[in-house]
Amino acid sequence: MPPRLHITKTPKCYVGGAFIRSESGRVTALHDASGAFFANIPQCTRKDLRNAVEAAAKAGPGWAKRSAFNRGQILYRLAEMMEARAVELTEAVALSGASKAEAARAVAASIERVVHYAGWTDKYEQILGSVNPVASAHFNFTVTEPMGIIGVIAPDDSPLLALISLILPAITSGNCVVALASNTQPYPSILLGEMLATCDLPGGVVNLLTGLRSEMVPTFATHEHLRALSGAVKEADRKTLKLGAAESVKRVHLLKAEEPIDWFADKMQGVEEIRALIEFKTTWHPVGA
């Protein structure tokens with residue numbers, strides 16, 4: 001019997017709850033640490049980004065109306081899916097040359113971070129909201145609201161942990177996300193999309209794109225339906241994003257990718273990361289009403 005033909009996987013991006021190839025048809029060859037061909041990664045375009053924003057806009061109102069408890073359930077389900085495929089995720093992270101121990105640590109931290117934010121879904125409101133003293137017969141409350149669609153740009157290093165650390169604070173509070181994965185190590189984002197599709201997360205809440213930063217960053221900066229930008233980018237891209245954000249009045253929450261970032265650190269998770277991607281609204285209620 002002749003040797004079985006090896007079937008090479010065809011990676012696809014996760015957009016609007018479906019797995020897509022780029023509308024351009026372009027791909028980039030991905031090689032492992034030894035230089036051997038691994039797969040062709042879709043090279044998404046500005047049109048793909050605009051399509052992803054449209055998908056997020058359709059999913060946004062429903063996701064924002066979900067109860068905090070239900071959002072927590074769905075995030076915990078994502079952690080279950082990642083735990084079940086931890087070995088595969090570890091191999092994906094190690095593809096570019098990281099040791100198996102380093103990759104396993106990153107995968108374990110990513111799963112724990114999902115569980116961490118699953119616990120925040122019904123707690124951040126009590127911490128970030130407030131009852132305000134007023135000089136009239138009214139109650140005055142400050143409450144939080146999701147901003148809408150958040151653009152996320154992941155750094156090249158730490159392709160899984162960094163990506164998930166940037167996505168989770170946004171969706172915990174009811175936002176939707178359009179994310180650009182690591183340019184040099186995109187494969188973990190492909191697997192993450194497969195897990196998002198099976199964790200009960202509504203399609204369009206998280207949209208994952210792969211492609212060249214030089215083509216995508218200017219559109220992230222100027223797209224008016226993106227209400228905030230979050231990520232870790234280098235100086236030139238930070239300038240482009242900030243200038244574009246100023247024109248369309250976006251909030252920016254950017255880290256310096258040229259400086260060391262410890263994605264394992266406690267400061268990279270928690271209520272302050274959620275605060276950066278929500279809005280606050282003040283409401284008045286007459287006493288006795």
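Of the GluC sites (Glu not before Pro) in the stretch 1-108, the ones in a loop by DSSP (not H, G, I, E or B) with at most 14 other beta carbons within 10 Å are E23.
The C-alpha atoms of the chain define a longest principal axis, and helix 46-65 lies at about 40 degrees to it. Averaging 1/r over each pair of different alpha-carbon atoms in the stretch 190-289 and inverting the result gives 16.4 Å, the Kirkwood hydrodynamic radius. Each helix, a run of at least 4 DSSP H residues, gives -39500 (n - 2.57); summed and divided by the residues of the chain, these come to -13000 deg cm²/dmol at 222 nm.
Phi angles across the stretch 7-17 convert, under the Karplus curve 6.51 cos²θ - 1.76 cosθ + 1.60 with θ = phi - 60°, into 3J(HN,Hα) values of 9, 6, 5, 9, x, 9, 7, 9, 9, x, x Hz, Gly and Pro given as x.
Rounded to the nearest whole Hz, the Karplus-based 3J(HN,Hα) values (6.51 cos²θ - 1.76 cosθ + 1.60, θ = phi - 60°) of the stretch 274-286 follow the sequence 5, 4, 5, 10, 10, 10, 10, 10, 9, 10, 10, 9, x, with x at glycine and proline.
Compared with the alpha-carbon gap, the fully stretched path from V271 to S136 is longer by 45.4 nm at 0.36 nm per residue.
Distance distribution P(r), the stretch 149-233, all Cα-Cα pairs, bin width 10 angstrom from 0: 18, 56, 25, 1 percent. Accessible area per residue for the chain, computed on protein heavy atoms with a 1.4 Å probe, is 47 Å². Kirkwood hydrodynamic radius computed over the chain comes to 19.6 Å, based on all pairs of distinct alpha carbons.
In terms of the mean number of neighbouring beta-carbon atoms within 10 Å, the peptides 70-78, 185-193 order highest first as 185-193, 70-78.
What the phi angles of the stretch 142-157 give under the Karplus curve with 6.51, -1.76 and 1.60, with θ = phi - 60°, is a coupling list of 9, 10, 9, 9, x, 7, x, 9, 10, x, 10, 10, 7, x, 6, 7 Hz, glycine and proline written as x.
The values are calculated or read from the model by the stated rules, or taken from the named source; none is laboratory data. It should be emphasised that the depicted structure is a prediction, and the values quoted were computed from it without experimental measurement. All Cβ positions, even for glycine, are placed from backbone atoms using ideal geometry, and neighbour counts span all protein chains on display. We work out accessible area using only protein heavy atoms, side chains counted, and drop any ligands, DNA or RNA first. Shrake-Rupley method; radii C 1.70, N 1.55, O 1.52, S 1.80 Å.
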